[in-house]
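One structure is given here, and the rest of the page talks about it.
Please treat every number below as a calculation from the coordinates, not as lab data. The structure presented is a predicted model; accordingly, all values stated were derived computationally and were not measured. Cβ atoms come from the backbone with ideal geometry, glycine included; neighbour counts cover every protein chain shown.
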Amino acid sequence: MREFIDVTGKTEDEAISKALAQLGLDRDDVSVEILERAKSGFLGLGSCPAKVRVSYGPEEEEEIIPPAPQPKTEKAEPVEQVRKPKAPEKKPEKKVEKPAPKKENPPKKESTPAVPSQDLGEEVDDEKAQAIKTFLNGLLAQMESNAEVKVYQPEKGRYKVFLVGDNLGALIGRRGETLDAIQQLTSYAVNRTGGRVRVQLDAEGYREKREQSLQHLACKVAGKVVKYRRSVTLEPMNAYERHVIHTALQDVPGVTTYSTGVDPNRRVIVAYDRDKR
């Protein structure tokens with residue numbers, strides 16, 4: 001059962017900040033309902049502070065599970081059939097053999113790039129990158145995978161790691177669960193010696209496909225929330241996937257989002273907000 005507190009402040013943001021400080025929670029951990037908006041009044045008369053209700057704790061709502069991109073499988077391209085041109089009628093006494101028409105080669109299937117197209121710079125080989133490669137190469141050997149490990153550092157404190165190879169579906173797993181587990185193990189192994197960094201792991205462009213799927217889902221659910229004026233709870237997601245949902249809907253009229261629960265079962269709730277219409 002969700003609990004709540006009512007807090008006032010000069011502005012809505014100040015009231016929310018007071019509530020978060022009082023509860024010791026982050027903005028992502030609570031839902032906020034604006035009870036009264038701040039009014040400045042006229043010449044100092046008639047002014048009133050903002051009042052918000054901050055709810056926290058578990059909440060059960062309708063659950064929607066977004067489709068997850070399936071690991072890429074190779075399919076044989078159909079060979080285009082070329083009709084043999086009809087031979088012109090010939091006189092019986094003169095038989096002319098026509099050469100068999102050449103079959104056209106099927107178009108070559110474009111392979112998925114090993115690394116996304118965005119500019120990630122050169123591969124890095126610092127101490128953390130070496131630790132990442134050492135751990136992953138050992139783990140992949142145990143999993144009998146020949147995937148190659150490529151490490152980039154798009155910004156300080158964050159490493160993007162790509163597993164490159166063929167038939168990596170087993171490393172991705174159902175809805176990316178195996179990939180998430182490998183990422184968590186890698187992050188733990190690299191950060192246990194100090195100097196905490198963030199590790200993001202991808203294979204066959206799964207993360208990019210998943211992000212597009214989540215953005216599409218967010219828009220679809222937002223339309224449903226506005227139409228029926230009821231909250232919708234999404235499936236459990238990791239912190240990055242929840243961030244994708246929050247970002248996709250932050251400027252959508254009539255909709256607000258917040259998270260509830262504890263990892264690994266933490267979920268995003270998409271709620272109707274009449275004040276944003």
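The residues neighbouring A50, those whose beta-carbon lies less than 14 Å from its own, together hold a net charge of -1 under the Lys/Arg +1, Asp/Glu -1 convention. Counting only DSSP beta bridges with both residues in the range 162-277, the antiparallel share comes to about 80 percent. Our summary of shape: the Cα atoms of the range 134-277 have principal axis extents of 53, 34, 26 Å, ordered from largest down, in whole angstrom. Its Cα gyration tensor gives the range 127-204 an equivalent ellipsoid, and the semi-axes of that ellipsoid, as √(5λ) in whole Å with the largest first, are 20, 12, 12. Computed extension length for A239-A21: 76.3 nm, one decimal, from 0.36 nm per residue of separation with the Cα-Cα distance subtracted.
Note on E148/R229: beta-carbon distance plugged into 1/(1 + (r/R0)^6) with R0 of 51 Å gives a FRET efficiency of 0.50.
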